[in-house]
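Asks: Quick one: this structure, given as structure tokens, is what I'll be asking you about.
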Amino acid sequence: MAEVKVKVQTPDAVPVEIENRIIELCHQFPHGITDQVIQNEMPHIEAQQRAVAINRLLSMGQLDLLRSSTGLLYRIKDSQNAGSVSFFLSKMKGSDNQEKLVYQIIEDAGNKGIWSRDIRYKSNLPLTEINKILKNLESKKLIKAVKSVAASKKKVYMLYNLQPDRSVTGGAWYSDQDFESEFVEVLNQQCFKFLQSKAETARESKQNPMIQRNSSFASSHEVWKYICELGISKVELSMEDIETILNTLIYDGKVEMTIIAAKEGTVGSVDGHMKLYRAVSPIIPPTGLVRAPCGLCPVFDDCHEGGEISPSNCIYMTEWLEF
């Protein structure tokens, strides 16, 4: 009778376990490890699984890839990464595979976070189990829940030490998911006031018109510095935030922008270009149609009675009539 060999299949290891073991090996051999070392320590792990884990650690910046006479070496990138990994290992000690899986899913989401519904879809775990795991990870300060401006009643989860993306928090214009319209209006007025004073100073110089015009321009960096020195903002504003405000002034017809070439390294320049802004005054007063919301409405052609956009439910028209 022929001998029948039965192949015993070992259960697939969770990817995060493979990564943790590789990190531990790197700590044991600080000068670097080869793929053969990893293979000897984890003989039950397939080559493809090892490659996926190593590539992930390289993309996360936790490992350095070096060449030596014996081939490729993998080494811990720096002490900061090593410390963060040691912190992770100590916090995840005693956690089961399901908890490690949920942690990895949240880690993959980055600083944009992930909803519990999507975690459930990717992990294929019951919602009650996911909620239990999320609370446990939060208590260990490995993850945190952040309210998203995109959905006021929903929270996204991300790693505890990450700064949420602007698409989640809304940036400087939102506070506790509420749009700070008054704050935006104050910034709008102060930016325009600065550009007006710049234009007034240029006119008072009594120089030729071309020099006056050029002197009336200010870079977005100058406007940003002026707003920061005023101290009217409780949050730290970036130049990008100020340029957003300046764009609203352009749309209102109060400001014009030009782009000039600038030397690399010039304050306020980006990729060898610099944006300059100046306050402008209309030559003639606008007509009634232009002053009405319809005159500048970008969806004017789609506006009709009975549609999603109509004069009867237009909030801008209502505000204009009340004014």
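The values are calculated or read from the model by the stated rules, or taken from the named source; none is laboratory data. Only a predicted model underlies this, so the values are computations on that prediction, with no experimental measurement involved. No Cβ is skipped: glycine too gets one built from the backbone with ideal geometry, and neighbour counts run over all protein chains shown. Surface areas here come from the heavy atoms of the whole protein model, side chains and all, with no ligands, DNA or RNA. Shrake-Rupley method; radii C 1.70, N 1.55, O 1.52, S 1.80 Å.
Asks: Would you confirm whether or not segment 34-47 contains a residue that is touching a residue at least 12 places away in the same chain (Cβ under 8 Å), under 36 Å from the mean Cα position of the chain (by Cα), more than 19 Å from Leu101 (Cα to Cα) and open to solvent by 90 Å² or more (accessible area, probe 1.4 Å)?
Replies: For segment 34-47, residues touching a residue at least 12 places away in the same chain (Cβ under 8 Å), under 36 Å from the mean Cα position of the chain (by Cα), more than 19 Å from Leu101 (Cα to Cα) and open to solvent by 90 Å² or more (accessible area, probe 1.4 Å): absent.
Asks: On to the next question. Hey, among Lys234, Lys225, Lys135, which residue is at pLDDT 85 or above, of a type outside the set (Asp, Glu) and either exposed (fewer than 13 other Cβ atoms within 10 Å of the Cβ) or touching a Leu at 6+ places or on another chain (Cβ under 6 Å) (or both)? Give the derivation first.
Replies: Details: Lys234 fails: at pLDDT 85 or above; Lys225 fails: either exposed (fewer than 13 other Cβ atoms within 10 Å of the Cβ) or touching a Leu at 6+ places or on another chain (Cβ under 6 Å) (or both).
Only one candidate qualifies: Lys135.
Asks: Still on this structure, please answer the following. Could you please let me know if Lys193 is in the same structural domain as Lys275 (by the TED database) and more than 23 Å from the chain's Cα centre (by Cα)?
Replies: Details: in the same structural domain as Lys275 (by the TED database): yes; more than 23 Å from the chain's Cα centre (by Cα): yes.
So Lys193 fits the description; yes.
Asks: Does Phe179 satisfy the condition of being open to solvent by 90 Å² or more (accessible area, probe 1.4 Å) and either in the same structural domain as Ile105 (by the TED database) or within 29 Å of Lys144 (Cβ to Cβ) (or both)?
Replies: Details: open to solvent by 90 Å² or more (accessible area, probe 1.4 Å): yes; either in the same structural domain as Ile105 (by the TED database) or within 29 Å of Lys144 (Cβ to Cβ) (or both): yes.
The answer is yes for Phe179.
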